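S.K.: Take this structure, written in structure tokens, and hold onto it; I'll ask about it next.
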Number of protein chains: 2
Amino acid sequence: MARWEPDARERFVAAALELFTDQGYDETTVAQIAERAGLTRSTFFRHFSDKREVLAAGQETLSRLFAEGIAGAPAGASPLTAVAAGLDNAASAMTPFNRALAPRLEAVIATSSELQERAAQKQVGMALAMSDALRARGVDIRVASTAAELGLLAFKEAFTEWIADGPEDESDLAVLLREALERLRSAVAQLG
Amino acid sequence: MARWEPDARERFVAAALELFTDQGYDETTVAQIAERAGLTRSTFFRHFSDKREVLAAGQETLSRLFAEGIAGAPAGASPLTAVAAGLDNAASAMTPFNRALAPRLEAVIATSSELQERAAQKQVGMALAMSDALRARGVDIRVASTAAELGLLAFKEAFTEWIADGPEDESDLAVLLREALERLRSAVAQLG
């Protein structure tokens, strides 16, 4: 790989989001994304199967990070404690780049029902990744599903807070995630 | 409306599912669906905006039934008891027609990533419909979101059981829903 390639992925994502925002998702081609990124089409296709994948890549990474964090939780950890470890692992991988681009990413997704449907399926996939990782620890399927849904709700709430705070703010995603999961734990006690 | 129109909707759904199964979703046109149903294209468009809507119509109906049932629960009902009322209301509207066609509907959706993404978004919509109906009762947003996710998990589990039992079986969807929600209530106590 050439010397500049380690950050090729981020450059493609930034270039794609600029173009999607400026001229629309449907009107943007992979060739244009590559040109804007100062890279080649063949490099693009080493990182993404198509332009839609540029938007979904973050959610797939999150699924993997959740699952790895859950798998790495201490043996005696409760299901929700394992989910907290999954959230923590995801938080540790989120960079200022993710935070800065997230509002634009959400704005692009909001312009297209196709992209919204895709995002919804990826959310289902994130819950499933957490649930599968919990089941691999021997957690009952219904407990795993419930804990996974709480993890996803916590992630969505904390991530929204984090990106709303803006990049200059000092808020820490890991702390926001822990607080969000704790609020949901309290909410569960009020289900009746 | 002509005399035969009250069941036009069901005839379009049945015809569409036959064609989607036999020749594929992409290859099927609205004209073919109308012909198979013995109705006209203009009648089709009085019921559905396009062929994709034929598959999504059931999920939109469910969202409405969940919300109405939740709204109609007794004033002092707990969030989960209100969700149970929403599930009960949906169960009361499910017919042998729904049960007979559901396996074929799921098989068609499984053939297309576009349809899977659409179905995922509709599931998000169902949870949102329940959550909004709970919030309209004054339930805290996180309690509402959590109760709605449990309601959706219960519905998916019970509905899968119901259609797996086959149309000749005596199992009652309302009973399966209550049992599924009760199992999830027990699961919540094991989250840790």
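S.K.: Against the condition assigned to a helix (DSSP H, G or I), within 14 Å of chain A (Cβ to nearest Cβ) and either in contact with a Gly (Cβ under 9 Å, 6 or more places away or on another chain) or closer than 19 Å to B:Phe159 by Cα (or both), how does B:Leu65 come out, does it pass?
M.R.: So B:Leu65 does not fit the description; no.
S.K.: Quickly run through the stretch A:29-44 and pick out the residues that are on the phi > 0 side of the Ramachandran plot and of a type in the set (A, V, I, L, M).
M.R.: none
S.K.: Go through (1) in a helix (DSSP H, G or I); (2) aliphatic (A, V, I, L, M); (3) surrounded by fewer than 23 Cβ atoms within 10 Å (Cβ to Cβ); (4) in contact with a Lys or Arg (Cβ under 9 Å, 6 or more places away or on another chain) and name the single condition A:Ala73 misses.
M.R.: (1)
S.K.: Let me ask another. Looking at B:Leu191, is it within 12 Å of chain A (Cβ to nearest Cβ) and among the aliphatic types (A, V, I, L, M)?
M.R.: yes
S.K.: Take the stretch B:75-86 and flag every residue that is over 20 Å from the mean Cα position of the chain (by Cα) and more than 12 Å from chain A (Cβ to nearest Cβ).
M.R.: Result: B:Ala75, single match.
S.K.: Can you pull out every residue in the stretch A:142-155 that is more than 8 Å from every other protein chain (Cβ to nearest Cβ) and more than 20 Å from A:Ala75 (Cβ to Cβ)?
M.R.: Those that are more than 8 Å from every other protein chain (Cβ to nearest Cβ) and more than 20 Å from A:Ala75 (Cβ to Cβ): A:Leu152, A:Ala154, A:Phe155.
S.K.: Can you tell me how many residues in the stretch A:168-188 are in contact (Cβ under 8 Å) with a residue 60 or more places away in the chain and within 12 Å of chain B (Cβ to nearest Cβ)?
M.R.: Within the stretch A:168-188, residues that are in contact (Cβ under 8 Å) with a residue 60 or more places away in the chain and within 12 Å of chain B (Cβ to nearest Cβ) number 2.
S.K.: Another question about this same structure. So, restricting to helices (runs of 4 or more DSSP H) that lie completely within the stretch A:90-192, which ones have at least 3 residues that are crowded, with 22+ Cβ neighbours inside 10 Å and at pLDDT 95 or above?
M.R.: Output list reads A:113-135, A:141-165, A:173-188.
S.K.: How about the stretch B:19-55: which of its residues are hydrophobic (A, V, I, L, M, F, W, C) and surrounded by fewer than 17 Cβ atoms within 10 Å (Cβ to Cβ)?
M.R.: Answer for the stretch B:19-55, where residues must be hydrophobic (A, V, I, L, M, F, W, C) and surrounded by fewer than 17 Cβ atoms within 10 Å (Cβ to Cβ): B:Val30, B:Ala31, B:Phe45.
S.K.: Of all residues being at the interface with another protein chain (Cβ under 8 Å from one of its Cβ atoms) and aliphatic (A, V, I, L, M) in the stretch A:120-133, which is farthest from A:Val83 (Cα to Cα)? Just the residue, please.
M.R.: Among those that are at the interface with another protein chain (Cβ under 8 Å from one of its Cβ atoms) and aliphatic (A, V, I, L, M), it is A:Ala120.
S.K.: Also, I was wondering about something else. Pairs please, first residue from the stretch A:156-167 and more than 14 Å from chain B (Cβ to nearest Cβ), second anywhere and in a helix (DSSP H, G or I) and at pLDDT below 90, Cβ atoms under 7 Å, 6+ apart in sequence or on different chains.
M.R.: A:Trp162/A:Arg99; A:Ile163/A:Arg99; A:Ile163/A:Ala102; A:Ile163/A:Pro103; A:Pro167/A:Pro96; A:Pro167/A:Arg99; A:Pro167/A:Ala100
S.K.: Additional query: For A:Ala84, state whether it is closer than 30 Å to B:Ala189 by Cβ and out of contact with any Asp or Glu (no Cβ under 6 Å at 6 or more places or on another chain).
M.R.: yes
The values are calculated or read from the model by the stated rules, or taken from the named source; none is laboratory data. None of the values given here were measured: they were computed from a predicted structure. All Cβ positions, even for glycine, are placed from backbone atoms using ideal geometry, and neighbour counts span all protein chains on display.
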